[in-house]
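Novice: The structure's right below; bear with me while I get my questions together.
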Amino acid sequence: MKPKKVVLSTMPSEGEFVNWTTPKHFAPKAEKYLPLGILSLASNLDPDVDVVILDPSSEGWSISETIDRINHEEPDVLGLSVPTRRVYAMNKILAEASAPYKAVGGPHATYYPEQILRSGADAVFIGQLADREFREAVRTSPKGVIHCKTDINEIAFPRRDLLDVASYFPRVNVLFKANHRLSMFSSVGCPNRCNFCNVQSKKVQRKSPKIVLDEMEYLLSLGCGSVHVLDDNFNVGASHVRGILDEMQMRGYHTEWSGRGQTRMDFGLVGRMAESGFKRIHVGFEALDDGILQFFGKNQSVEDIEKFCGVMNKYGIDILGYLISGSPVETEEYRRSLPGRIRSWGIKHPFFNILFPEPNTEYYRGLLRDGTYKKDHWAEYMANPTPNFEIPYPYGEAKRAEVLAYNDSLVEEFKKKE
């Protein structure tokens, strides 16, 4: 019997809704990101399955080009990984791509499974990880909503060699330089409840230290010289970090690595992190003001941030700090003082974002409750996505221009001069 052919694809950016969060300076078009989600699905299929990975998100393909490439492969199964901002492209692909069985997963599936089914999907996978359930679906083609309960320690890590991995090494240095950097996950989920964030899962699943180090060593075998742990919050659990460090010490592992985390952690581990080759921590400060932090629902204080910065600087770990402009409680005094605080606290790589009312966030729901938005813009959009939709700025166009100009001034002030 001929083996089943599975095509797994990311979404093209064409037609995605406008999101003013990240200034163009921080989003160079030359940057590509390995699609770890669909690579993980591919790595956990039965060995006799013929799998093809398509990455229009990184390759810059149009919707029509993506559909043409899918149809050229003539798959038995089409799997799409969909972020909510690209629901327009998803609908077009579901309608026009040819495959006997079409499945959708990814962030969008968690909130809109019924709409996705009405748009032409045969099955929608919701949950943190779908590797085990998708493998079974390729065998049996179930219909409807599939609730996923895959255990992170029972699956193989993503095989990057299914793509041309060298083409995914960063080609542009925006904030920092790293030698052939590749990303991986050591955990999924985040327990924090920041009001602007739409991370779906608040349940944290962590890989065992052995599996984490196996994957790190695999990345080095592909020519990677800097491993980035892309978790939503890798240092939220002290035992997880300690276990990784213990495994590194046992193996004699010492290669540059970095990670995304938070300010509240076991500072007793920071010295060991630095000794192991940990170079840089990416952390969501969001604001250096207690009133703004409270508005964002951040479970941290200015005192926590200052202490965190002091410890990281003591051990020579660079700080990439995310900061958000545009909260309604932001004052002129705060804006004037921010650059000085960034410098005095040693935040080497400040990353300036703009507050955006993402769908399915507490911030957006609050704008509906208090009447700032007179109708549910996102509900209307999801029911009938149109290309390049832009939600109105919640505080008026004059305020929007002011916030954008201020954020641009911060970017310019701290822009690295090569």
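Novice: Charges only on Cβ, +1 for Lys and Arg, -1 for Asp and Glu: so what's the dipole of the range 312-367 about the Cα centre, in debye to the nearest 20?
Specialist: With Lys and Arg at +1 and Asp and Glu at -1, about 280 debye.
Novice: Oh, and also: Do any cysteines in the chain lack another Cys Cβ under 4.7 Å, and if so which?
Specialist: Isolated Cys, the chain: 148, 190, 224, 309.
Novice: Over the chain, with a Gaussian network built from C-alpha contacts below 10 Å, which listed residue (337, 325, 119) shows the highest mean-square fluctuation?
Specialist: Maximum among the listed residues: 337.
Novice: To continue, here is another question. What lysines sit close enough to residue 203 to cross-link, taking a C-alpha to C-alpha distance under 19 Å and skipping anything fewer than 8 places away on the same chain?
Specialist: Cross-link targets: 149, 298.
Novice: While we're looking at this one, here's another question. Return the aspartates and glutamates within reach of residue 24: Cα separation strictly under 19 angstrom, same-chain partners fewer than 8 residues apart disregarded; answer none if there are no such residues.
Specialist: Within the straight-line limit of under 19 Å, residue 24 reaches these aspartates and glutamates: 14, 16, 59, 286, 358, 390, 402, 408, 412, 413, 418.
Novice: Now for a separate question. Report the FRET efficiency, 1/(1 + (r/R0)^6), for residue 301 and residue 50, where r is their Cβ-Cβ distance and R0 is 51 Å, rounded to 0.05.
Specialist: With a Förster radius of 51 Å, E is 0.40.
Novice: Still on this structure: Okay, which of the range 292-307 sit inside 11 Å, backbone N to the point 7 Å along the Cα-Cβ direction of residue 331?
Specialist: Label zone hits: 292.
Novice: Evaluated at 37 °C with a viscosity of 0.692 mPa s, what Stokes-Einstein diffusion coefficient in µm²/s does the range 53-194 have when Rh comes from the Kirkwood expression over alpha-carbon pairs?
Specialist: The calculation lands on 195 µm²/s.
Novice: Counting other beta carbons within 10 Å of each Cβ, put 409, 81 in order, fewest first.
Specialist: Ascending number of Cβ neighbours within 10 Å: 409, 81.
Novice: Let me ask something else. Can you tell me how the range 61-141 classifies by the Cα gyration tensor, rounded, prolate or oblate, using a/c under 1.5 as the rounded cut?
Specialist: Oblate.
Novice: Which listed residue (99, 123, 8) has the Cα farthest towards the positive end of the charge dipole for the range 5-153, taking +1 on Lys and Arg C-beta and -1 on Asp and Glu C-beta about the Cα centre?
Specialist: 123
Novice: Also, I was wondering about something else. Starting from the coordinates of the alpha-carbon atoms of the range 300-365, obtain the Kirkwood hydrodynamic radius over all distinct pairs and give the value in Å to one decimal.
Specialist: Kirkwood radius, the range 300-365: 13.5 Å.
Novice: Mind checking the full-extension length gain between residue 239 and residue 372? Use 0.36 nm per residue of separation minus the Cα-Cα distance, one decimal, nm.
Specialist: In short, 43.6 nm is gained.
Novice: Largest first and in whole Å, what are the equivalent-ellipsoid semi-axes of the chain based on the Cα gyration tensor, each being the root of 5 times an eigenvalue?
Specialist: 34, 29, 19
Novice: For residue 2, which aspartates and glutamates qualify as cross-link partners when the Cα separation must be under 15 Å and same-chain residues fewer than eight apart are set aside?
Specialist: 46, 48, 50, 73, 74, 76
Novice: Roughly how many debye, to the nearest 20, is the charge dipole of the chain about its Cα centre, given +1 on each Lys and Arg Cβ, -1 on each Asp and Glu Cβ, and no other charges?
Specialist: Result for the chain is approximately 520 debye, rounded to the nearest 20.
Novice: Here is a follow-up. Given contacts defined as C-alpha pairs under 8 Å and at least six residues apart, what's the relative contact order of the range 128-283, whole-number percent?
Specialist: 19 percent.
Throughout, read-outs are computed from the coordinates displayed, never taken from laboratory work. Quick caveat: nothing in here was measured; it's all calculated off a predicted structure. Glycine also receives a Cβ, built like all others from the backbone with ideal geometry; neighbour counts cover every protein chain displayed.
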